[in-house]
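The values are calculated or read from the model by the stated rules, or taken from the named source; none is laboratory data. Computed from a prediction, not measured in an experiment: that's the story for all the values here. Positions of Cβ are generated from backbone atoms using ideal geometry, with glycine treated the same way; all protein chains shown enter the neighbour counts.
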Amino acid sequence: MRAFRIAYDGRPFHGFQRQPAVPTVEDALLDAVRALGIASEGELPPGYAAAGRTDAGVSALAQTVGFRCPAWCSPAALNSELPGDVRAWARADSSADFHATHDAERREYTYYLYAPELDDDRAAAALAALCGEHDFANLTPDARGTVRDLSGSVLRDGDFLVLTLVAGGFARQLVRRVVSLVRAVGAGASLSTVERALVPAPLPGPEGVPPAPAEPLVLTGVDYPGLSFKADNEAADRARALFDERAIDGLVRARVAGHVRDGIGEPNGGT
C-alpha cells in the first residue's frame, strides 16, 4: 500500500467525493489512476480510500489517499495525468491493511475569515467555548457521529482571522458552522449563542446556524500513527509554482475589483 498527499484548489470542483455528472476531485484522481493502468475503467484501485470528503469549494493541502500500486507510481506520475487544479506532492509506504479514512487520528482545517471589523477577544472567547468534547448536533446536518472533541486557535493576520480547528474527525459542515458562530459573536452576538448551540434541543429555523462560505476553508493536516510522508521534490516544486500563479492571479483580480469599486460614481467612470 502507498499513501499520497494531495493538494487542490477546490473552487472548480463540486467537492471531493464522486458524484454523477459534476466534476469532483475524486473523479480526477481516479481518472488519473486508470489512465496509468493501475485500475480498470469503472473500478477502484485495490485498497483505495481517502482521508476526508471536503465540500464543494473547499481546498486542501494534505488530503490523503491510499491504494495498492506499482513501485513506479509516484506523485510525479500521478501529476502527469491529473488536471492542474489537483497536485500530488508527497508519498509514504504503508502497511498492507492501511486505510486512509479509518486510520487517521487527527485532522486539521484552517479557515481564513475576512474580519476587519470583528472583535478578536470576543471571537477567541466563542471558539474557546466551542472547544472540548461536545455534541455538535446543532452544527451539522448529520444525524450520527455528532459528538466530537474539538480544539483550535484563532489568530489575527491583518484583515483576516485565521481559525485552525483540530479533531479526530469532523461531521459534515461542522467547521463552517463553528466559523459562523465565531463570526457572530465577534460581531457582537452574545456568548450565550454558543451555549445555546451546544444544548441538545434543536435550534429554531430551517438551518439553525448556517455554514460559512466554503472557499476560505482548507484541509491543512491529516496525521497517521507511524506514517511518515516524503515529499517528491520535483512534484512539490511544480505544485508550489502552480499555486504561486494562483496566488498572483488572486492579487491581480483583487486589484482590478478594487479599482472598479473605487471608480464607481466618479466622472471618468462614464454614465
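What to note about this one:
- Condition check for GLY10: in contact with a strand residue (DSSP E or B) (Cβ under 7 Å, 6 or more places away or on another chain), part of a loop (DSSP other than H, G, I, E, B) and at negative phi: yes
- Once segment 1-51 is narrowed to residues that are of a type in the set (Asp, Glu) and touching a Gly at 6+ places or on another chain (Cβ under 9 Å), the residue that is nearest to ASP85 (Cα to Cα) is ASP9.
- Residues within segment 98-137 that are part of a helix (DSSP H, G or I), modelled with pLDDT of 95 or more and either of a type outside the set (Asp, Glu) or in contact with a Lys or Arg (Cβ under 8 Å, 6 or more places away or on another chain) (or both), tallied: 10
- Residue pairs meeting the criteria (Cβ under 7 Å; at least 6 apart or on separate chains; first touching a residue at least 60 places away in the same chain (Cβ under 8 Å) and more than 18 Å from VAL25 (Cβ to Cβ), in segment 69-80; second part of a loop (DSSP other than H, G, I, E, B) and acidic (Asp, Glu)): SER74/ASP232; ALA76/ASP232
- Number of residues in segment 8-29 that are touching a Phe, Trp or Tyr at 6+ places or on another chain (Cβ under 6 Å) and among the hydrophobic types (A, V, I, L, M, F, W, C): the value is 1.
- Condition met for GLN63 (among the polar types (S, T, N, Q), closer than 28 Å to ARG246 by Cα and assigned to a loop (DSSP other than H, G, I, E, B)): no
For (1) closer than 19 Å to VAL25 by Cβ; (2) surrounded by 22 or more Cβ atoms within 10 Å (Cβ to Cβ), each residue gets a yes or a no:
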{"position": "ALA49", "(1), (2)": "yes, no"}
{"position": "GLY57", "(1), (2)": "yes, no"}
{"position": "ALA60", "(1), (2)": "yes, yes"}
{"position": "PRO83", "(1), (2)": "yes, no"}
{"position": "SER95", "(1), (2)": "no, no"}
{"position": "ALA100", "(1), (2)": "yes, yes"}
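- Criterion applied to SER95, SER74 was being of a type in the set (Gly, Ala, Ser), modelled with pLDDT under 95 and over 18 Å from GLN19 (Cβ atoms), and the one residue passing it is SER95.
- Between ALA100, ALA126, ALA92, ALA143, the distinction of being over 20 Å from the mean Cα position of the chain (by Cα) and closer than 26 Å to VAL65 by Cβ belongs to ALA92 only.
- Answer from ARG196, ARG183, ARG255, ARG176 - the residue that is at pLDDT below 95 and either part of a helix (DSSP H, G or I) or touching a strand residue (DSSP E or B) at 6+ places or on another chain (Cβ under 7 Å) (or both): ARG196
Each row is one residue, and each column tells you yes or no for (1) of a type in the set (Ser, Thr, Tyr); (2) loosely packed, with under 13 Cβ neighbours inside 10 Å; (3) outside the structural domain of ALA51 (by TED's automatic domain parsing).
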| site | (1), (2), (3) |
| --- | --- |
| SER192 | yes, yes, yes |
| PRO200 | no, yes, yes |
| ALA214 | no, no, yes |
| LEU227 | no, no, yes |
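- Any pair with Cβ under 6 angstrom, 6 or more apart, that starts in segment 144-163 at a residue that is in contact (Cβ under 8 Å) with a residue 12 or more places away in the chain and ends at one that is surrounded by 12 or more Cβ atoms within 10 Å (Cβ to Cβ) and among the acidic types (Asp, Glu): THR146/ASP135; VAL147/ASP135; ARG156/ASP120
- Check on LEU161, surrounded by 13 or more Cβ atoms within 10 Å (Cβ to Cβ), at pLDDT below 95 and touching a strand residue (DSSP E or B) at 6+ places or on another chain (Cβ under 7 Å): no
- Selection of segment 240-269 for residues being more than 30 Å from the chain's Cα centre (by Cα) and hydrophobic (A, V, I, L, M, F, W, C) yields VAL260, ILE264.
- Only residues that are within 23 Å of ASP97 (Cα to Cα) and among the hydrophobic types (A, V, I, L, M, F, W, C) were counted across segment 1-15, and they come to 4.
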